[in-house]
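Single-structure report; data block below.
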Amino acid sequence: MPALSSTMKEGRVVSWLKSEGDEVEAGEAIMVVESDKADMDVEAFEDGFIAKILVGEGETAPVGEIVALMVAEQSEIAGAVASLGGEGSSAAVAKKEETVVADASAAVSVAAPSCEFSQVDMPALSSTMKEGKVVSWLKAEGDAISAGEAIMVVESDKADMDVEAFEDGFLAAIITPEGESSAVGSPVALIAAQEADIPALKAYAATLNGSAAPVAAAPAATSSAPAAVPKAAVAAPKTAAAAAAANTGDRIIASPLAKKNAEALGIDLRTVTGTGPDGRITAADVENAASGAAPKKAASATSAPKKASWTPAPGVIAATPMARAAAKKAKIDLATIQGTGEFGRVTLDDIKIATGEKKPERKNAAKGAAGAAPVELPAGLVPFTGMQRAVSKNMEATLATPVFRVSREIEMDAFNDLYQKVKPKGVTVSALLAKAVALAIEKHPIINSSYSPQGTVFNPDINIAMAVAIDGGLITPTLKYANERNIIELGENWKELVQKAKDGKLTPDEYNSGTFTISNLGMFGVSQFDAILPAGMGGILAIGGTTEQIVPCDKAVLGMKKVSKMTVTLTCDHRQIYGADAALFHEIMGNPAQLLL
C-alpha cells in the first residue's frame, strides 16, 4: 500500500483494474486507492503477472502492507500462491511479515542503541513523488532542534520545500548528505532526545546508510573472536584507520558528490583521508584536499599513472550491471563488445551502439573555411525533471476532453492608457488582465465552471491561474479571489508569486487552486495562438500581442484612424459550456478597460 500523501496512514482499495493472472507492464495502473486526499491510480513498478490479490476491493490496509503478489513469469503463479501456506489471504503474508519483522527486530536490537531517539524519513511531498533530493540541511550535526522547526530543504517532483522536525532533540546524524537522493520513506537523519547520545547514534547511522559502524562504536568482541587482538587496535584513532584504508589500494569508499568533485578538481581520491563513517571520503574532504591539505595527482606519467589500473580475472568480462541486462535482452555476447568505460568495462552505451539504438560518437569536425568552430547541438535523450513529467501527464489528461475555441480582436487603446496610469504603482499587465478577466467571469460565471458526470460544477471563487515559463518547466501561479481584490493588491501578489515560482518555493495551494487560466505569449511577439485546456477547468484564455491597425473612423479627417488591437482565443470544455456562452464572454471582454473603471 503506497503513501499517496505525506499525511496518509492507510488506504482503501476502491477497485482493482487487473485480475489475478493478468499480465501487467511497468507504469500500468493496476488499482485505484482512496487516500485521505483523493482517489488515485496506483501503477506497477515492474513487468510481470498478478499472482494473488491479498486486499480485496473495499478493504483497507495500512501504508506499507502487502496488497498483492506479482511474479515475473506466468508459470510462477502457482508457486507464489502455494508459498502462502495454503491460506490464500493476507493473513498468511501477515504471519510471514510478523516473522520477518521479529527477526529483523532481533537483528537491529544488536546494533540499535538503547537511548531514546527518532528517525527522520524522506517525506512524500506530493502524490507522485517517488524519491527526494536533499538540497540543503538547515541544521548541522549536534545542533538542537525544536518540533516544527525546519531542518532541511528537499527537492520533490514539484518544487523545493522545507521539511520540519516532529520532535524536540538534537540532530545526531545526517544519513543522506546535501546533493544526494533517497527513496520516499527511507531514513535521512537521526534525532537524539539527549545530547549525550549523539556518538552512539552516529555509529548506528553508519549501519543505516549501508556502511559499517566506526571501530570505536563497535560492540565488544564475542567469545569466538581472537583473544590475542591488542586493545590498542580498538582504541586507534578514526583518522588513522581511514588513512590506512585510503592507502591500501583497495576499493575507495567515497560519496558520489566527493567522486564528482574530485574528478572536476583533478584530485586522486587515494591520497585523500576520509572523515566520514568508516573512513568514507566526503565532499568536504575533497575540498580540503584541493586547498592544499592533500596532494593532487602527479603530473608526470612516469611517476604515477593517471588512472588506476585493473585487470579482470580470467574468463570474467568487465561490464556494468545495466550493460549486462541490456546485452541479455538483446541476446548479444558481451565478449564481442569492445568496452569504452573505465578499466575497459562494457557500458550501456556500448550495447546501444552494438544494437544500432545509438550512433557512435563522432570526432569533432575540422573548422570550416571561414575558421568558425562547428556548432555543438544537443543529442540523445534528456530525462524529464519532476516538473516536466507532471506537465507532460497533465497535457495527456486533456486529450479526452472535447473542446472548442472562439477568437476575437479587442481594442486596447483605453486599456493601455489605464495601464500607464497604474504602472508607477507597481501594477503589471498580467495583474491588470487577470482583474479584467475575473470581472468578466463575474458577469458570466458559466466560464468559471467545471464538468462532472452528474452536471455542471460552479466554483464559488474566481481564482485566476496564469501560466509562467520557468527554468525546467511550466507552472501556473494563482491569483485567488481576483474579482474581489483591488488592482494594487493583485499586482503585489503577482510579483511575489512569480518570484516564488522562479525560486521553486510555491506551495501546492498557490499553483493548483485555479478555476480559470490565462496563457499570455504577447510579450514574445506572438499574434494569436490556441491554448490547451487544463484538466478540471472549464476555460483558458490565450492572449496574443498588441498590434497597430488602421480602421475606418467617421470622425477622422481622412475617415481612418490608428488603433491598437489584441487577439484573444478562448478554449472551453464543450460538455458544459456552449458556443453562445463563449461569445457572450468575449462580448463582455470586448472593452476590458471599461470593466476596470
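Remarks
- In the range 470-492, residue nearest to Asn394 (Cα to Cα) [restricted to those that are out of contact with any helix residue (DSSP H, G or I) (no Cβ under 8 Å at 6 or more places or on another chain) and touching a residue at least 24 places away in the same chain (Cβ under 8 Å)]: Lys480
- Ile487 vs. criteria open to solvent by 20 Å² or more (accessible area, probe 1.4 Å) and within 15 Å of Leu433 (Cβ to Cβ): yes
- Residue in the range 43-75 that is farthest from Met31 (Cα to Cα), counting only those that are open to solvent by less than 40 Å² (accessible area, probe 1.4 Å) and in a loop (DSSP other than H, G, I, E, B): Leu54
- Per the conditions (1) under 34 Å from the mean Cα position of the chain (by Cα); (2) open to solvent by 80 Å² or more (accessible area, probe 1.4 Å); (3) at pLDDT 90 or above, the sole criterion not satisfied by Phe524 is (3).
- The set of residues in the range 492-516 that are at pLDDT 90 or above and of a type in the set (Asp, Glu) comprises Glu492, Glu496.
- The range 411-434 - residue that is hydrophobic (A, V, I, L, M, F, W, C), in a helix (DSSP H, G or I) and touching a Leu at 6+ places or on another chain (Cβ under 8 Å) and, of those, nearest to Gly539 (Cα to Cα): Ala434
- Only residues that are closer than 15 Å to Asp530 by Cβ and charged (D, E, K, R) were counted across the range 387-409, and they come to 2.
- Matching entry among Ala228, Ala245 (being assigned to a helix (DSSP H, G or I) and either open to solvent by 30 Å² or more (accessible area, probe 1.4 Å) or modelled with pLDDT of 80 or more (or both)): Ala245
- Here Ile446 qualifies as assigned to a helix (DSSP H, G or I) and either among the acidic types (Asp, Glu) or open to solvent by less than 60 Å² (accessible area, probe 1.4 Å) (or both).
- Any chance Val568 is part of a loop (DSSP other than H, G, I, E, B), modelled with pLDDT of 85 or more and touching a strand residue (DSSP E or B) at 6+ places or on another chain (Cβ under 7 Å): no
- Restricting the range 495-521 to residues that are small (Gly, Ala, Ser) and free of Cβ contacts under 8 Å to residues at least 60 places away in the same chain, the residue that is surrounded by the most Cβ atoms within 10 Å (Cβ to Cβ) is Gly514.
- Residue within the range 182-201 that is at pLDDT below 50 and open to solvent by less than 50 Å² (accessible area, probe 1.4 Å) present: no
- Strands (runs of 3 or more DSSP E) enclosed by the range 94-172 - at least 3 residues per element that are touching a Leu at 6+ places or on another chain (Cβ under 8 Å), within 30 Å of Gly386 (Cα to Cα) and modelled with pLDDT of 80 or more: 117-121, 150-155
- Meets criteria (among the β-branched types (Val, Ile, Thr), open to solvent by 20 Å² or more (accessible area, probe 1.4 Å) and assigned to a helix (DSSP H, G or I)) for Val437: no
- Looking across the range 525-565, the residues that are part of a loop (DSSP other than H, G, I, E, B) and in contact (Cβ under 8 Å) with a residue 24 or more places away in the chain come down to Ser527, Gln528, Phe529, Asp530, Ala531, Ile532, Leu533, Pro534, Ala535, Gly536, Met537, Gly538.
- Evaluating Arg408 against the criteria (1) touching a residue at least 12 places away in the same chain (Cβ under 8 Å); (2) open to solvent by 50 Å² or more (accessible area, probe 1.4 Å); (3) part of a helix (DSSP H, G or I) leaves one unmet condition, (3).
- Residue within the range 462-479 that is open to solvent by 20 Å² or more (accessible area, probe 1.4 Å), modelled with pLDDT of 90 or more, within 26 Å of Ile577 (Cβ to Cβ) and not hydrophobic (A, V, I, L, M, F, W, C) present: no
The values are calculated or read from the model by the stated rules, or taken from the named source; none is laboratory data. This one's a predicted model, so the numbers in the text were calculated from it and none came from an experiment. FYI the Cβ positions are ideal-geometry reconstructions off the backbone, even for glycines, and counts take in every protein chain you see. All accessible areas refer to the heavy atoms of the entire protein, side chains included, with ligands and DNA or RNA removed. Shrake-Rupley method; radii C 1.70, N 1.55, O 1.52, S 1.80 Å.
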